[in-house]
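Please read the structure below before turning to the comments.
The values are calculated or read from the model by the stated rules, or taken from the named source; none is laboratory data. Only a predicted model underlies this, so the values are computations on that prediction, with no experimental measurement involved. Because the Cβ atoms are built from the backbone with ideal geometry, glycine has one as well, and the counts that use them run over all protein chains shown. We work out accessible area using only protein heavy atoms, side chains counted, and drop any ligands, DNA or RNA first. Shrake-Rupley method; radii C 1.70, N 1.55, O 1.52, S 1.80 Å.
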Amino acid sequence: MVKKFLVFIFMFTVHLCSQDVKVTAGIDTGKFVIGDPVKLRFEVIHIQTAHIMFPDLQDTLKPFEVLSSDSVKTFAQQDGKVKEVYAFTISAYDSVNGFSKSFAIPYAVAGDTSVRYALSNAISLSVARVKVDTTAEIKDVKDPMAEKNQGSFVRRNWWWLLIVVVVVLAAVGFFIYWKYYRKPGEKKAPEIILTLEQLTLKKLKELEEKQLWQKSQIKEYHSEITEIIREFFEKRYGFNSLKLTTSETLNELEKRASSPVVADLTREFLSLADMVKFAKYIPPFETNERMHEVAYKIVEQSKQSANVQGAQQ
């Protein structure tokens, strides 16, 4: 009796929340065979003050596996609402019968810290095994195909052998020149030594070029960018941020950083990363771009603070 009452309360709450958020789930087909990829799509239309916290579906969809995911956010023309589309490619590797499920999508509304839920329509999927005709005649394995080009190994591969010989001779000639004939005045170009800030900015640029979050590798992106900034704190301020929590890192920055702006930027930066890594929060594109922007500002502000402090001393 209590269980039914709780289910009633949940369904009543979801119905009220659906005024703010509407979730529509759909698939390209309801029946497929083992190993086939299936497109699963969620269309979320919500008021502009709502923030969707789309969950991780890997456990929810078992026995199906999520092969890839993507998300798009746009502003709908009707009523000024926001439209977000979450697309997943799933597959199953065993037969499944009677899989039917609706999804509760969590979200929050600006000015309210409580988490609400919007319920989608139910989707139904079934996976069939590949049919094998047991009455058909069993055929023998085909004989190996005869080699068309009969002849020696050298005659059939002379071009590749010639390339290998040329490369080996070139390497030997370069070594002899470098060892015995290079002029004493010839020196290697001086090695460029980067400052800590330059090295950190270089790492951030290389991470940006990987385009991890654009390839749906969101958790990997946030792990790498936070590791870069925490290593920077370790070398700049002398404490091991990689082994500290967010609050411990902020306490150390407030004591060691000469400018409070560094701590404020870091608080925003690490809070966003913690939501992705520990709350399984899938951020919109703007949040991922903001992470990189704040990371650059942390490094630049630390450099400016260090220059001001050095000038005062």
The FRET efficiency for Val115 and Ile27, from their Cβ-Cβ distance with R0 = 35 Å and rounded to 0.05, is 0.85
Linear extension gain, Arg129 paired with Arg256, 0.36 nm per residue minus alpha-carbon span: 39.4 nm
Listed residues Tyr177, Tyr281 arranged by accessible area, highest first, probe 1.4 Å: Tyr177, Tyr281
Karplus 3J(HN,Hα) series, Hz, for region 87-100 with 6.51 cos²θ - 1.76 cosθ + 1.60 (x for Gly, Pro): 10, 10, 9, 10, 7, 10, 10, 8, 5, 9, 10, x, 7, 9
With label points built 7 Å along Cα→Cβ from the Cα atoms of Lys280 and Val164, find their separation and express it in nm. 5.3 nm
So how do Ile105, Ile282 rank on accessible area, 1.4 Å probe, biggest first, that is with the largest at the start? Ile282, Ile105
About its Cα centre, what dipole magnitude does region 174-278 give when the only charges are +1 on Lys and Arg Cβ and -1 on Asp and Glu Cβ, stated in debye to the nearest 20? 720 debye
Gain in length, Lys83 to Asp59, computed as 0.36 nm per residue apart minus the alpha-carbon separation, to one decimal in nm? 6.1 nm
Just to make sure I understand: if all protein chains stay in place, what is the order of Arg182, Arg256, Arg129 by accessible area at 1.4 Å, largest first? Arg129, Arg256, Arg182
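Using a/c under 1.5 as the rounded threshold, could you call region 18-130 rounded, prolate or oblate? The axes a ≥ b ≥ c are square roots of the C-alpha gyration tensor eigenvalues, and prolate needs a/b larger than b/c, oblate otherwise.
Prolate, since a/c reaches 1.5 and a/b exceeds b/c.
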Once the other residues with Cβ under 14 Å from the Cβ of Val115 are scored (Lys, Arg +1; Asp, Glu -1), what is the net sum? 0
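Taking a 21 Å limit on the Cα-Cα distance, which of the listed pairs Lys62/Lys280; Lys215/Lys280; Lys22/Lys219 fall beyond it?
With Cα atoms farther than 21 Å apart: Lys22/Lys219.
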Using R₀ = 41 Å, calculate the FRET efficiency as 1/(1 + (r/R₀)^6) where r is the Cβ-Cβ separation of Gln211 and Asp36; round to 0.05. 0.90
What does the charge count near Pro106 come to, summing +1 for each Lys or Arg and -1 for each Asp or Glu among other residues with Cβ under 11 Å from its Cβ? +2
Amide H of Ile123 versus every other amide H placed in the peptide plane: which residues, excluding those fewer than 5 positions away on the same chain, fall under 5 Å? Lys101, Ser102
Formal net charge of residues neighbouring Glu220 (Cβ-Cβ distance under 13 Å; K, R +1; D, E -1): +2
With a point put 7 Å past each Cα toward its Cβ, work out how far Ser95 is from Asn157 in nm, to one decimal. 4.8 nm
Packing-wise, with mean Cβ within 10 Å as the measure, how do 289-302, 195-208, 109-122, 221-234 rank, highest first? 221-234, 289-302, 195-208, 109-122
Given the Cα-Cα distance of Ser68 and Lys202 and 0.36 nm per residue of separation, how much length would full extension add, in nm? 45.3 nm
